[in-house]
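The values are calculated or read from the model by the stated rules, or taken from the named source; none is laboratory data. Because the structure is predicted, anything quoted here is derived from the model rather than measured. Heads up, the Cβs are rebuilt from the backbone with ideal geometry, glycines too, and the neighbour counts pull from every protein chain shown.
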């Protein structure tokens, strides 16, 4: 669900990018990672899956916003025990013509935030992704920690992380995080904290529930961590299976 932040990532030179976080409109391509991230898990040569028509028709529908459906993995029989990495989470959603949530408006942000609080979930994945792969060297994306974040589920570029998004009256990124504990001052998100620990780039985005006494806020996270997830309808994938 997009708002006035529609800065299409299609203008990036993504036609040959071999990375799992390409936008959903690239579904006709077989996409692989260019190289594994420096983590405990090798994600190289893994693919974004294509949707399955039967699953799309019968996809779980737990709640909706303006006719746009969502489901939470923990409330499904098949995925109730899922705690999986970012890529697997995306692929779970994509089977159903859905993708990880893209929090593109305050209304959608608050809907998911309220759900997380009601369910007492510590955290979930979102489709948020940092452009840290081949094709992201453009000057206007530098530094990528500020200007290089986008919603992989919709292909919409986020507002700079150091400013409040247009049309919002609050900053959804947290004002604090892991680095604050030893910096002696608040270090806002995204902070890429794990890179300084084990060289794992925090290139994916989670929605965390007051982990740092900061409310329900956005945090950058290394993509290999395992979490539950919320999927939302993907118009491009739904259109794909109709053809």
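Report yes if residue 82 is over 12 Å from residue 228 (Cβ atoms) and surrounded by fewer than 22 Cβ atoms within 10 Å (Cβ to Cβ), otherwise no.
No: the conditions fail for residue 82.
Would you check if residue 236 is under 13 Å from the mean Cα position of the chain (by Cα) and modelled with pLDDT of 95 or more?
Judged against the criteria, residue 236 is not a match.
Select from the range 67-79 the residues that are part of a loop (DSSP other than H, G, I, E, B) and crowded, with 19+ Cβ neighbours inside 10 Å and list them in ascending order.
Matches in the range 67-79: 79 only.
Take the range 137-157 and flag every residue that is crowded, with 20+ Cβ neighbours inside 10 Å and either assigned to a loop (DSSP other than H, G, I, E, B) or at pLDDT below 95 (or both).
If the condition is that a residue be crowded, with 20+ Cβ neighbours inside 10 Å and either assigned to a loop (DSSP other than H, G, I, E, B) or at pLDDT below 95 (or both), then 148, 152, 153, 154, 155 are the ones that fit.
Results for (1) modelled with pLDDT of 95 or more; (2) in a strand (DSSP E or B); (3) out of contact with any helix residue (DSSP H, G or I) (no Cβ under 8 Å at 6 or more places or on another chain), shown as yes or no for each residue.
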site	(1), (2), (3)
165	yes, no, yes
177	yes, no, yes
201	yes, no, no
205	yes, yes, yes
208	yes, yes, yes
218	yes, yes, yes
230	yes, yes, no
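Which members of the range 165-214 meet the condition of being surrounded by fewer than 15 Cβ atoms within 10 Å (Cβ to Cβ) and at negative phi?
Once the filter is applied, which keeps residues that are surrounded by fewer than 15 Cβ atoms within 10 Å (Cβ to Cβ) and at negative phi, the range 165-214 yields 166, 169, 170, 175, 181, 182, 183, 185, 186, 196, 197, 198.
State all residues of the range 163-173 that are over 18 Å from the mean Cα position of the chain (by Cα) and under 18 Å from residue 144 (Cα atoms); if no residue qualifies, say none.
Once the filter is applied, which keeps residues that are over 18 Å from the mean Cα position of the chain (by Cα) and under 18 Å from residue 144 (Cα atoms), the range 163-173 yields 163, 164.
Does the range 122-132 hold any residues that are out of contact with any strand residue (DSSP E or B) (no Cβ under 9 Å at 6 or more places or on another chain) and either surrounded by 23 or more Cβ atoms within 10 Å (Cβ to Cβ) or outside any loop (DSSP other than H, G, I, E, B) (or both), and which are they?
None; the set is empty.
Cβ contacts < 7 Å: first residue under 19 Å from residue 152 (Cα atoms), restricted to the range 104-126; second residue assigned to a helix (DSSP H, G or I) and at pLDDT 95 or above, any location; separation 6+ or different chain. Result?
Close Cβ pairs satisfying both conditions: 124/116; 125/86; 125/89.
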